Structure formats: C-alpha cells, structure tokens
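Please read the structure below before turning to the comments.
The values are calculated or read from the model by the stated rules, or taken from the named source; none is laboratory data. Computed from a prediction, not measured in an experiment: that's the story for all the values here. Methodologically, a virtual Cβ is constructed for each residue, glycine included, from the backbone with ideal geometry; neighbour enumeration extends over all protein chains shown.
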Amino acid sequence: MKMRVVALAVALVCTMAPLNAQSHQQWRDSLDVLNGMIARFPRSTDLRLKKAAVNIELNQWEYAIEEYGRVLELNPKNLAALYFRAYANHHLRHYDLAKNDYETFLSLQPKHFEAQLGLAMVKRNMGRKTDALDELNRLVQLFPDSVYAYVARAGYEGELGQYEVALFDWDEAIRRQPMNADIVASKVDLLIGLKRYDEAWAELEAAMKRGIPRMALREWIDKCK
C-alpha cells in the first residue's frame, strides 16, 4: 500500500507534463521542425518550451533541462520553465536543483497544487521528513477541499508511522470522495497492517453500502477473512 500511495503522489506531481499520443518518429520529426524554427527565432521562449516538452517525450531529460535553462535566461520568471525544469530534475533525482526551482516557482505563484506537492515529494526523497510533512500540511491548508491533498499527507504519515493521524486523513479523503474505491482500500490496507481487522471490515461494509462494487474491494475483503 505504501508504494501505491507514493506512486499516486508522484503521479500528481506530473499532471502538468505534456502527454500526447504520438510515435517516437513523430516526436523526432517534431523536434527537427522545432530546432529549425529556433534557429530562425532563437529568442522565442514559446518555441523553446515546446522543444523541451518534446525532449521530455523522447526521454531526453538533460536536453529538456538545458532548454528550460535557456528560457529562464531570457525570462527568469517564466513559470512553465521553472515548473518543468523542477519536474525534470526531480525525475533525474537532482533533488537540490528540483527543490530550488519549486521554491522559486512557489515564491511567484504560491497557490499551485502540483508545485507544492512536488516540493513535498522532493523533500521526502531527500530524507527531510519534518520539512516534507510541513509542505504537505501547507498543501492541505492551501487546498482544504482537495481529496488528493489528504491522500498525499495520509500516505506520508503512514510511512512515518503516524498511524492515527494517517487514518484521520484517510477519513477526510473518503468524506470528499466516498465512492473512490482506491481511497477506501488504502485506509483498509493500513488497518489490516495494524491488525485492526474489525475496523477494516466495518470500513468495507460501509463502502459497499454506499454503492462501491464488492468486486472492487475483493482483495481487501479476502484479507479480512
């Protein structure tokens, strides 16, 4: 369960990333076109951002980072370049660099869900537990209606062994999305891990009464038997 929750949080960090269904060759062709246009218009930040996005699609992370750097040389406050350079550095585990860009981004646009979550995940990966939890607390404060703010914090609290507050946050997430089987399963998984089987079964029964299909919870029902 722990890794599934962390994976969800990391996926949320990436929600701004450009994702389009093109073949590798089509991306290569797009890159050739963009390189030609940039040669003609070297100060176009729009073209450079598009090129960096294609670099990411081609897994050319270092090239993307270089391109975002060139955009920031032209415009040091370009939010897209700051965010995606942080995203790319995070992917490459260049955590100090990612942290710096997320912090700069948030100084310019404080209320931004993905950047705030990204900063929390970077600090988690750096082993800065207290700082990471502080960032997740800030995420919940900034976005009190967001189910995923509670999901991210609950998952990390579970990692830290703070089980009661994690269960509270899972409850808050369930209250906001009562029909989300994955969130119910995450809370139940934690209860099962704590050997609190009666509570886990009660949570499953309540979820099924709300209308979540039994099959969606089959794995956890079996674990409670």
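Go through (1) more than 21 Å from F168 (Cβ to Cβ); (2) crowded, with 21+ Cβ neighbours inside 10 Å and name the single condition A120 misses.
Single failed check for A120: (1).
Only one of K111, K123 is within 23 Å of A80 (Cα to Cα), of a type outside the set (S, T, Y), not in a helix (DSSP H, G or I) and not assigned by TED's automatic domain parsing to the domain that holds D182. Can you tell me which?
Every option except K111 fails the conditions.
Which residue is farthest from D182 (Cα to Cα), if the candidates are limited to the stretch 132-156 and must be surrounded by 20 or more Cβ atoms within 10 Å (Cβ to Cβ) and among the aromatic types (F, W, Y)?
Y156
Please verify whether the stretch 157-179 includes one or more residues that are in contact (Cβ under 8 Å) with a residue 60 or more places away in the chain, small (G, A, S), crowded, with 17+ Cβ neighbours inside 10 Å and part of a helix (DSSP H, G or I).
Pass one, the stretch 157-179, residues in contact (Cβ under 8 Å) with a residue 60 or more places away in the chain: 158-159.
Still in the running and small (G, A, S): 158.
Now narrow it down to the ones that are crowded, with 17+ Cβ neighbours inside 10 Å: 158.
Filter once more, keeping what is part of a helix (DSSP H, G or I): 158.
Looking through the stretch 157-179, at least one residue is in contact (Cβ under 8 Å) with a residue 60 or more places away in the chain, small (G, A, S), crowded, with 17+ Cβ neighbours inside 10 Å and part of a helix (DSSP H, G or I).
Among the helices (runs of 4 or more DSSP H) confined wholly to the stretch 34-95, which include 2 or more residues that are more than 24 Å from Q22 (Cβ to Cβ) and under 21 Å from the mean Cα position of the chain (by Cα)? Walk me through it before giving the result.
Numbers: elements: 45-57, 61-74, 79-91.
The helices (runs of 4 or more DSSP H) meeting that bar are 79-91.
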